[in-house]
Amino acid sequence: MAVGEVSPMLIVTLRWLGVAILMIVITRRQLQGSWAILRPHLSRLFLMGAFGMTVFNALFYIAAYTTTALNIGIIQGAIPIYVLLGGLILYGTRISILQIIGVTMTIAGVCLVATSGEIHRLQGISVNQGDYLMVLACLMYAGYALSLKKLEGIPKLPLFAVICVAALITSIPLTLVEYLSGNLQMPTSRGWVIVGLITLLPSFIAQVLFIQGVSDIGPGRAGIFVNLVPVFASLLAILVLGEFLQWFHAVSLLLVCSGIWLAEQKKRFGFAFLSRN
């Protein structure tokens, strides 16, 4: 929807400008009260905002110029794997057999929707520069998710406010480069509406809920839910952009949801496949 309405790097800056203002207004008193707790973690929070938010989005947009939507969708589906392995290496978090099966099912669902139900298209995939950028972007977001576990006990809204300010600061040079290269496009009236929606929904509400989710169930379990993003994106494309509902949309949603449900059964069955201990 944003193509032709506003340039991509400007979206990154405007979205975090909007969220930063929103968070500072909402959490001003909490920030003051929590500053003593936040201050020792400022360097970590700055890096999380820079790499987990700004650089992740920038690499995502840049990769789209040199790779296909199919490759992007499939590589993004690997984020839960990075998070699970990172949890194992950094925190010794056990990985159960059911989690492995569940993640595999979610990736199958992502592949199905990314190929529009034509799985044979996977045979023709070629690796290019954009794919490497996407892998790097996904590793950064996985690192962001894993870093949240180190910040347990810190009030979530003030924590996110600082991350947003860091994301805003680090996004400005990217927009400056876009301007100097002659590719900056100020938002049209429709573009401002799109920026507002991006600010409110994925940048504010979704991120706050994700931070709380990681706090409640840990990065490994929370990361698996990331594979709902391409499925929901396809369903929203049907509702918002007028695309047609296909059989693979329903099957993909079933696979991803079933994989998440299966991965969540690890405590009930109580056995692990991989453990650092």
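For segment 194-212, which positions are small (G, A, S) and open to solvent by less than 20 Å² (accessible area, probe 1.4 Å)? Result: S203, single match. Remark: pairs (first residue in segment 97-110, over 12 Å from P80 (Cα atoms) and of a type outside the set (A, V, I, L, M, F, W, C); second residue open to solvent by 10 Å² or more (accessible area, probe 1.4 Å) and in a helix (DSSP H, G or I); Cβ separation under 8 Å; 6+ apart in sequence or on different chains) = G109/V251; G109/L253; G109/L254; G109/L255. Does T93 qualify as being in a loop (DSSP other than H, G, I, E, B), open to solvent by 30 Å² or more (accessible area, probe 1.4 Å) and more than 30 Å from N183 (Cα to Cα)? For T93, the condition - in a loop (DSSP other than H, G, I, E, B), open to solvent by 30 Å² or more (accessible area, probe 1.4 Å) and more than 30 Å from N183 (Cα to Cα) - is met. The residue of segment 178-224 that is nearest to the chain's Cα centre (by Cα), among those that are over 29 Å from V256 (Cβ atoms) and charged (D, E, K, R), is E178.
Is it fair to say G73 is under 24 Å from I154 (Cα atoms) and in a helix (DSSP H, G or I)? Talk me through it step by step, then tell me what you get.
Working: under 24 Å from I154 (Cα atoms): no; in a helix (DSSP H, G or I): yes.
Spelling it out, it is not the case that G73 is under 24 Å from I154 (Cα atoms) and in a helix (DSSP H, G or I).
From the set of residues in segment 237-252 that are aromatic (F, W, Y) and surrounded by fewer than 18 Cβ atoms within 10 Å (Cβ to Cβ), which is farthest from N57 (Cα to Cα)? Among those that are aromatic (F, W, Y) and surrounded by fewer than 18 Cβ atoms within 10 Å (Cβ to Cβ), it is W247. Output the residues belonging to segment 77-86 that are open to solvent by less than 30 Å² (accessible area, probe 1.4 Å) and part of a helix (DSSP H, G or I). Hits for segment 77-86 are I79, P80, V83, L84, G86.
Does at least one position in segment 187-204 carry a residue that is within 22 Å of K150 (Cα to Cα), of a type in the set (A, V, I, L, M, F, W, C) and touching a residue at least 60 places away in the same chain (Cβ under 8 Å)?
Within segment 187-204, one or more residues are within 22 Å of K150 (Cα to Cα), of a type in the set (A, V, I, L, M, F, W, C) and touching a residue at least 60 places away in the same chain (Cβ under 8 Å).
When segment 131-183 is filtered for residues that are open to solvent by 50 Å² or more (accessible area, probe 1.4 Å) and in contact with a Lys or Arg (Cβ under 8 Å, 6 or more places away or on another chain), only K150 remains.
Can you tell me which of S234, S189 is open to solvent by 20 Å² or more (accessible area, probe 1.4 Å), over 19 Å from G49 (Cβ atoms) and at pLDDT 90 or above? Result of the check over S234, S189: S189.
Every residue, every condition in (1) open to solvent by less than 10 Å² (accessible area, probe 1.4 Å); (2) small (G, A, S); (3) assigned to a helix (DSSP H, G or I), yes or no:
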site: I37; (1), (2), (3): no, no, yes
site: G49; (1), (2), (3): yes, yes, yes
site: M53; (1), (2), (3): yes, no, yes
site: I100; (1), (2), (3): no, no, yes
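The values are calculated or read from the model by the stated rules, or taken from the named source; none is laboratory data. Since the structure is predicted, the reported quantities are computational estimates derived from the model, not experimental observations. Note that each Cβ is placed from the backbone with ideal geometry, even for glycine, and that neighbours are counted across all protein chains shown. These accessible areas exclude ligands, DNA and RNA; they are computed on the full protein's heavy atoms, side chains included. Shrake-Rupley method; radii C 1.70, N 1.55, O 1.52, S 1.80 Å.
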